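Read through the structure below, which is laid out as structure tokens, and then see the notes.
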Amino acid sequence: MIVKTWSFEFGSSGTWNWTPRADQVVLSHTGPGEAVDASAAVRAGLTQPLDFPPLSTALVDGDRVVLAIDRGLPQAAEIVAGIWPVLNECGIRPQDVLILQPGGWTVSEQRLDPREKLPDAVRKEVRWETHDPTVEGACGYLATSAAGERIYLSHKILEADFVLPVTLGGFDSLQGTRSPMSVLYPGLSTPEAFAKTHGQGHRELRPEDDRPLKQLIDEIGWLLGVQFAVQLIPGGRRGTTADILAGGVESVQRQALQRLNEYWRVQWPARAETVVVTVPTVGEAASWNDVGMAVDVARSVVEHGGKIIVLSDLQSPPGAGIEQLRGQPSPRAALQPLREQAPPDLQAASQWAAAADWARIYLLSKLDADLVEELFAVPLRDVVEVERLLATIEECAVITSAQSTFAEIVESSFSDQ
């Protein structure tokens, strides 16, 4: 048996090389190995899109263009640099381009400027804003959905001549797979929209199953008249892109599901006693959302009572939901109060509590050790402690970039509770 040396990326800059014993890693998933040139790929996608004429046919000289770009989008600057030449060829002026990124429950500083790879003269003219849903009058009425819900979006979106959504594709507990329109709602809407759309996800559904939120997001895109979109498929290494899809919204959505199933869907025949998950990020430390998704993936494939080992550089203070866990006698005891109070970080807190109730979590992070212990987990200080822990484990499964992965057991008779 040939022994493989694993190279783990985690956090914004962490790397750890580990050589397990022969047969110690019984199952593994590492994501796609190849990455595309993001600028070249998006430009090619705009000129030869999926089931849609070239983007240039939808633009005219003088159009006001909004690039609605996901926060945390990998290689955002490269993507914008690839889009600009196409806009320029259509007669779009730099001052008529707005890069608009969605807000959250709280609007935090965006560290990476998506304009940084544009030519200097262009960069000075192209505007870049983050939508703040708390500003009075920031949104206007779009339409009423088929279900009777009044939809409000940023005035910047409503007043644009052309809106190009650029999103990161991926599995999502609320949407199944992220819609190419997902950047629009709730991130470019109102605080009420945020309150209505956050939750604990649907563990009983598969990614391809219909979800109410995704149906609403797609309807909003249709009401807005958006027919063209760009969606990235995350790469296997931190900050890379495996594929870029551009064209008609339905075609992009269909192709994205195929790519995600190929690159990021894990189907194993049996649960593992120990699951190691890594959480690499781009430009900033891991968030509680990242770690929540990672432990949720691990819970899907770890034995009841097994071990989940998380490699991250998490350092963010806990939100209201995570903080609420600290005062509970057990992780399970926290789940009902979380559902009733629905704090902004409900999803991450619920994922963490459910995973901690199912298995023992060991967390490598930059959090205070006492805090980690109060969250029903075992703190790990460095990769040396990780390696020491793994030395005592007979067999384990490994999932790198776990926050991008969907994992499921396909032939197990074990039934989740």
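A few comments on the model shown:
- Matching residues in segment 339-348 - criterion: being hydrophobic (A, V, I, L, M, F, W, C) and farther than 15 Å from residue 203 by Cβ: 342
- Residue in segment 135-143 that is part of a strand (DSSP E or B) and in contact with a Pro (Cβ under 8 Å, 6 or more places away or on another chain) present: yes
- Any chance residue 279 is crowded, with 24+ Cβ neighbours inside 10 Å and within 12 Å of the chain's Cα centre (by Cα): yes
- One residue stands out among those in segment 149-168 that are within 17 Å of residue 219 (Cβ to Cβ) and hydrophobic (A, V, I, L, M, F, W, C): the one that is surrounded by the fewest Cβ atoms within 10 Å (Cβ to Cβ), which is 158.
- In segment 126-148, the residues that are exposed (fewer than 13 other Cβ atoms within 10 Å of the Cβ) reach residues that are assigned to a strand (DSSP E or B) with C-beta atoms within less than 8 angstrom, at least six apart or across chains, in these pairs: 141/150; 141/151; 141/152; 144/150; 144/151.
- Filter result for residue 80 (of a type in the set (Val, Ile, Thr), over 22 Å from residue 235 (Cβ atoms) and surrounded by 20 or more Cβ atoms within 10 Å (Cβ to Cβ)): no
- All positions within segment 150-175 that are in contact with a His (Cβ under 8 Å, 6 or more places away or on another chain) and modelled with pLDDT under 95: 173, 174
- Scanning segment 204-237 for residues that are at pLDDT below 85 and within 30 Å of residue 6 (Cα to Cα) yields no hits at all.
- Each residue in segment 365-383 was checked for being at positive phi and either assigned to a strand (DSSP E or B) or free of Cβ contacts under 8 Å to residues at least 40 places away in the same chain (or both), and 0 of them qualify.
- Residue 342 fulfils the conditions (1) under 22 Å from residue 305 (Cα atoms); (2) modelled with pLDDT under 95 except for a single criterion, (1).
- Residue in segment 285-306 that is more than 30 Å from residue 228 (Cβ to Cβ), polar (S, T, N, Q), part of a helix (DSSP H, G or I) and not assigned by TED's automatic domain parsing to the domain that holds residue 186 present: yes
The values are calculated or read from the model by the stated rules, or taken from the named source; none is laboratory data. Because the structure is a prediction, the values reported are computed rather than measured. Cβ sites come from the backbone with ideal geometry, for glycine too, and all protein chains shown count toward neighbours.
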